[in-house]
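J.: What follows is a single structure, and I will ask about it in a moment.
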Amino acid sequence: MKNRLVRYITHHRRYHQLIEWLKGRRINRRQASLYSVLLVLIGKIRKDELVDRGNAVAFNFTLSVFPLLIFIFTLIPFISAQIPGLEVNIMGFLEEVVPPDIWGQVAPTIQDIVSNQRSNLLSFGFLSAIYFAGSGILSLMRAFNAIYRTKEKRSYLRTRGVATVITFLLAGVLFVAIILIIVGQVVLDWLDNQNLLHDLLDGRITVWGIVALRFVVVFLIFQVAISFIYYLAPSIKERWHFFNWGSVFASLACIAVSFGFAYYVSSFGTYNRLYGSIGTLIALMIWFYLLGMILLIGFEINASIDKASRKDFDPKSNPAIG
């Protein structure tokens, strides 16, 4: 049955038209055609055991996220006096990003942490965040090296240092995102108080414009964060462009999966009824698993473009169907 379906597809006129169209599309002005990239990508996804690597990434992310969040949230009370509205905007931002059922469980704890200064927890959170968050990044680095078919050439200390640098960069991106959200809200409030929004545009266009602007900001946050990971994590000599097709795909997919999973959990999810409060942890791990798979597939796209761009690449050795 499968062979008959494959023969039908490969002998169809539309199939050959699609192949010719894909061969005519070029990626980043390089030698690789979209057809060659898809051939490599399909073959690599089959061989690279992404499900197992996604499970490992999700497990390490689950271990690393709590110390990292403790450190970041414990730092907030020390700087909230200099940035009015910081605490409120952080809680609002997290409420939009985190799936509702998960947010309902963790919101009181986060609210308590960001409202009270705890210097002893800050020092503990700093040390544990560096170690565990670095371990989460290390799992991604190992997965990237396996996908790219390269060995880790950096020493353990240098590898751990790169993981720590990526951790700090991601934390920095998060802080910049929070500041942008605060500044944006201040600007919108000022425009609204001056009645400039209603004078320039009608209400419906204004609402859609604000929604679009928020989406662009969220996309840029994901894009910069993922680009840092793809640029620094793998042990390769020739670096890709900082912004690349893999990071664009991963950014859009992470946003779509986050909002889609949040909608599913709030509308159809029954894990909380079955497992009680531990269901929140299960939902969190599923979310991390989906994000981890997206990061791996985005890296697969970059690796496929790189392989298909090589002069010795032979499309016949990478069959798309079969």
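No value in this document is a laboratory result; all are computed from the given coordinates. Treat the numbers as computed from the prediction; the structure is a model and nothing was measured. In this analysis, Cβ positions are derived from the backbone assuming ideal geometry, glycine residues included, and neighbour counts consider all displayed protein chains.
J.: Relative to the present Cα-Cα distance, how much length would full extension add between Ala256 and Tyr156 at 0.36 nm per residue of separation?
T.: Values: separation 100, 0.36 × 100 = 36.00 nm, distance 3.55 nm.
So the chain would gain 32.5 nm between Ala256 and Tyr156.
J.: Using a basic spin-label model with each label point 7 Å from the Cα along Cα→Cβ, how many nm lie between Glu20 and Ile282?
T.: Label at Glu20, label at Ile282, 5.3 nm between them.
J.: What's the extension gain from Glu95 to Phe168 if we count 0.36 nm per residue and subtract their Cα-Cα distance?
T.: Values: separation 73, 0.36 × 73 = 26.28 nm, distance 2.29 nm.
Roughly 24.0 nm would be gained on extension.
J.: If packing is taken as the average number of other Cβ atoms within 10 Å across a peptide's residues, how do 292-300, 163-171 rank, most packed first? It would help to have the intermediate numbers written out before the result.
T.: Working: 292-300: 23.1, 163-171: 18.0.
Highest mean packing first, the order is 292-300, 163-171.
J.: Roughly speaking, what is the stretch gain from Phe219 to Ile42, that is 0.36 nm per residue apart minus the C-alpha to C-alpha distance, in nm to one decimal? Kindly include the intermediate steps, with their values, before the conclusion.
T.: Values: separation 177, 0.36 × 177 = 63.72 nm, distance 2.62 nm.
The Phe219-Ile42 span can extend by a further 61.1 nm.
J.: Which FRET efficiency value, to the nearest 0.05, do you get for Ile79 and Val106 by plugging their Cβ-Cβ distance into 1/(1 + (r/R0)^6) with R0 = 30 Å? Provide the component values of the computation, followed by the final result.
T.: On the way: r = 21 Å, r/R0 = 0.71.
Computed FRET efficiency for Ile79 and Val106 comes out at 0.90.
J.: Give me a comma-separated list of calculated 3J(HN,Hα) values for region 215-229, in order, Karplus coefficients 6.51, -1.76, 1.60 applied at θ = phi - 60°, integers in Hz, x for any Gly or Pro.
T.: The phi angles translate into 5, 4, 5, 4, 4, 5, 4, 4, 4, 5, 4, 5, 5, 4, 5 Hz.
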